[in-house]
Amino acid sequence: MAPASTRSVVLIAALIISLFASSASAAPAIGLAMPRHARASLPALAVGCPPFPGATAFVNRIDNRYFPLFPGTTYVYKGAEDGEVQGTVVEVTTETKTILGVPAVVVRDTVTDRKGGLIEQTLDWFAQDQAGNVWYLGEDSKEYENGVVVSTAGSWEAGVNGAQPGIVMEGNPQPGDAYSQECAPGEAEDQAAVLKRNASVKTPFASFGHALLTNETTPLEPGTAENKFYAQCVGLVRSVDVKGGNAESSLVAVKNGPSRAELGCKDKKNKNKNNHKNNHKKQQKKHHHR
């Protein structure tokens with residue numbers, strides 16, 4: 001039998017281990033809800049997949065102000081990667097694909113080089129729930145070289161091979177929010193954090209003073225990060241690498257997009273025109289009285 005002094009040391013060590021175990025069990029688990037200020041400081045790897053609300057929780061159109069996707073709309077972007085000019089055309093099609101019982105909108109994303117050669121083409125699948133969150137249900141991605149498909153890396157579909165839906169845009173994004181956009185382990189694991197709602201950004205399309213700014217990362221490429229700017233009632237207007245890359249892209253044009261009224265936004269342009277007309281009438285009235 002061990003001496004009394006030795007038994008005492010063992011008992012004290014066991015007590016310490018027990019106390020540490022109790023503290024650990026009380027700590028919040030990764031991926032569970034926790035205060036926003038705590039989530040803001042979490043590394044990208046700590047963001048868990050959002051709980052899927054079920055097919056009955058979804059609506060039949062995507063009218064999130066920061067991420068509207070109305071069938072027939074086309075977004076045109078220009079940018080560069082590794083010094084090479086690229087163009088991107090994003091088309092919101094009239095097609096849908098049913099995933100987990102949800103009719104997801106099919107969005108075609110085509111990237112070309114300066115000569116029009118195909119670099120990548122992706123079919124993305126999105127849907128919006130009743131709370132205004134836009135869910136990402138997967139993508140069919142193809143990379144090309146000389147017109148031939150050379151890779152389908154990054155392709156995934158919710159409900160297949162363990163992949164789960166992610167949220168690409170919250171219904172009411174607030175600084176400090178962090179969420180998983182893609183939940184396909186080992187294939188696609190993009191995550192986003194909201195930085196601010198009043199960012200300023202200039203693009204060939206327009207300048208914006210109250211844009212939503214997010215930072216996107218992925219545990220699959222821990223040395224990279226990208227900032228994205230979203231304008232209300234327009235959508236994504238600019239993206240730029242801020243770590244581990246040198247790609248950037250800005251909105252150039254929107255074709256057949258929804259009106260600001262359809263998205264519940266005030267028409268600032270019309271308001272400015274009306275103010276200009278009223279001021280002009282007042283000036284004419286003053287001149288007439290003189």
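A short reminder: the numbers here are calculations on the coordinates, not readings from a lab. Everything quoted here is computed from the prediction, not taken from an experiment. Here the Cβ is made from the backbone with ideal geometry for all residues, glycine too, and neighbour counts use every protein chain on show.
In table form, for the structure just shown:
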| item | result |
| --- | --- |
| Under Karplus coefficients 6.51, -1.76 and 1.60, residue-wise ³J(HN,Hα) of region 93-107 in Hz, glycine/proline x | 7, 8, 7, 9, 9, 7, 10, 6, x, 9, x, 7, 6, 8, 10 |
| Net charge dipole size for region 121-190 [Lys, Arg +1 and Asp, Glu -1 on Cβ; Debye, nearest 20] | 80 |
| Under Karplus coefficients 6.51, -1.76 and 1.60, residue-wise ³J(HN,Hα) of region 127-139 in Hz, glycine/proline x | 8, 10, 8, 5, 8, x, 6, 9, 9, 9, 9, x, 7 |
| Built amide H within the under 5 Å cut-off of GLY48, gap 5+ | GLY31 |
| Whole-angstrom gap from region 101-156 to region 69-97, using each part's C-alpha centre | 10 |
| Order of LEU137, LEU236, LEU118 under a 10 Å beta carbon neighbour criterion, fewest first | LEU118, LEU236, LEU137 |
| Value of relative contact order over region 116-221, rounded to a whole percent, pairs C-alpha under 8 Å and six or more apart | 18 |
| Loop-located trypsin sites (Lys or Arg not before Pro) in region 51-115, at most 16 other Cβ atoms within 10 Å (DSSP) | ARG61, ARG114, LYS115 |
| In region 200-267, the trypsin sites (Lys or Arg not before Pro) that fall in loop regions by DSSP, at most 14 other Cβ within 10 Å | LYS266 |
| Computed magnitude of the charge dipole of region 113-271 (debye, nearest 20; Cβ of K, R +1, Cβ of D, E -1) | 1260 |
